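Colleague: Dropping a structure here in structure tokens format, bear with me for questions.
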Amino acid sequence: MSVHTLTLPDTDSKEYSSARYHYLLQIIYGETIAVGFCDQMAIFAPTKEAHDFLLQQQKEEDAHLELLSDYIGMHSRPQASVSPYLKKLDSLMVDALTRKDYIECVFIQNFIVEGFNISLLRELEHHADVNLSEMSRVILKDEIGHMEFGVSELRRILEEDTSRRLRRKLIRLHRKTLIYSALLARDLKREARYLGIPMQELNEKTLREHYDRINRAQFPLPYIDRLLFRGILSFLNL
């Protein structure tokens, strides 16, 4: 059983302010593109339930974006940029949307990106200033639901299509998205201490929760991909 490390960042420091904005910029970027993604995905969703869920998700992402924008507007905004690896995930999603590939879209957006977003928000909830902690808690509630939709949809898809072709396709996509997510985590690592985030604990917990989602979705990963998890954890903990 893991124990969450209690840390107290200096929330009045310039370093905290800079790190906070850098982290929030990644989340805001993700929420901004998610609003459009959900609307487009709903158009070619395979079931009415998925269609309705995605439209509701769009509304929730829009509400999150408003909350985040209001918070950012009340605080300093030091120079920061969106990680190129988050943009690569965005590019993968845009390509899948262009091809109207619902399976790839729900895998990238709801299974991968939402999972990573949840990990960041949980850390901000635990370690950030009071107002940001409360806002993160509010957003988390919805984001967990979005991620659970991804898990259930992936499980449904794999149950309905048992072909090796689909599994090979998802395994290749998983490798790409996992590597980009790991590189995104590395980009955020250098400022984690200013937010009071114990990065090694975050890395281990994020990968453990991702592995749990894979098992719950009954997504059969080859042995080599399971070894990839260990390699990525070692890379992030360097």
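Colleague: How many lysine pairs does the chain hold where the Cα atoms are under 24 Å apart and the two sit 8 or more places apart or on different chains?
Modeller: 23
Colleague: Can I ask one more? Summarise the accessible area of the stretch 83-132 (1.4 Å probe, protein heavy atoms) by the percent that is carbon and sulfur. Please list the in-between numbers first.
Modeller: On the way: 930 of 1720 Å².
Within the stretch 83-132, the accessible surface is 54 percent carbon and sulfur.
Colleague: Heavy-atom accessible area per residue, the chain, 1.4 Å probe: how many Å²?
Modeller: Averaged over the residues of the chain, the accessible area is 50 Å².
Colleague: So if each residue of separation counts as 0.36 nm, and I subtract the Cα-Cα distance between Tyr211 and Arg165, what length gain in nm does that give?
Modeller: 14.4 nm
Colleague: Got the relative contact order for the stretch 119-234 handy, in percent, Cα pairs under 8 Å and 6 or more residues apart? Kindly include the intermediate steps, with their values, before the conclusion.
Modeller: Details: 55 pairs, mean separation 39.4, N = 116.
Once normalised by length, the contact order is 34 percent.
Colleague: Could I ask something else about it? So how many Å³ per residue does the convex hull of the Cα atoms of the stretch 68-195 work out to? Don't jump to the answer; show the numbers that get you there.
Modeller: On the way: hull volume 15.4 nm³, N = 128.
Dividing the Cα hull volume of the stretch 68-195 by its residue count gives 120 Å³.
Colleague: Another question, then. Can you tell me the dipole magnitude for the stretch 1-80 around its Cα centre, using point charges on the Cβ only (Lys, Arg +1; Asp, Glu -1), in Debye to the nearest 20?
Modeller: Dipole of the stretch 1-80, to the nearest 20 debye: 200 debye.
Colleague: Compute the long axis of helix 84-98 from its Cα atoms, compare it with the longest principal axis of the Cα atoms of the chain, and write down the angle in degrees, 0 to 90, nearest 10.
Modeller: 30
Colleague: What fraction of the Cα pairs in the chain, stated in percent, has a spacing above 32 angstrom?
Modeller: 18
Colleague: If I take R0 = 22 Å and measure r between the Cβ atoms of Ala80 and Ser133 in this structure, what FRET efficiency does the formula 1/(1 + (r/R0)^6) give, to the nearest 0.05?
Modeller: 0.60
Colleague: How far is helix 223-236 tilted, in degrees, relative to the longest principal axis of the Cα atoms in the chain, given as a value from 0 to 90 rounded to the nearest 10?
Modeller: Helix 223-236 sits roughly 10 degrees off the main axis of the chain.
Colleague: If you don't mind, another one. Write out the trypsin sites (Lys or Arg not before Pro) in the stretch 79-114 meeting two conditions: DSSP loop, and at most 14 other Cβ atoms within 10 Å of their Cβ.
Modeller: Sparse-neighbourhood loop trypsin sites (Lys or Arg not before Pro): Arg99, Lys100.
Colleague: Here's a follow-up. Could you sort 9-15, 90-96, 102-108 so that the peptide with the highest average Cβ count within 10 Å comes first and the rest follow in order?
Modeller: Going from most to least packed, we get 102-108, 90-96, 9-15.
The values are calculated or read from the model by the stated rules, or taken from the named source; none is laboratory data. This is a predicted model, so every value here is computed, not measured. No Cβ is skipped: glycine too gets one built from the backbone with ideal geometry, and neighbour counts run over all protein chains shown. The area values use the complete protein model at the heavy-atom level, side chains included, leaving out ligands, DNA and RNA. Shrake-Rupley method; radii C 1.70, N 1.55, O 1.52, S 1.80 Å.
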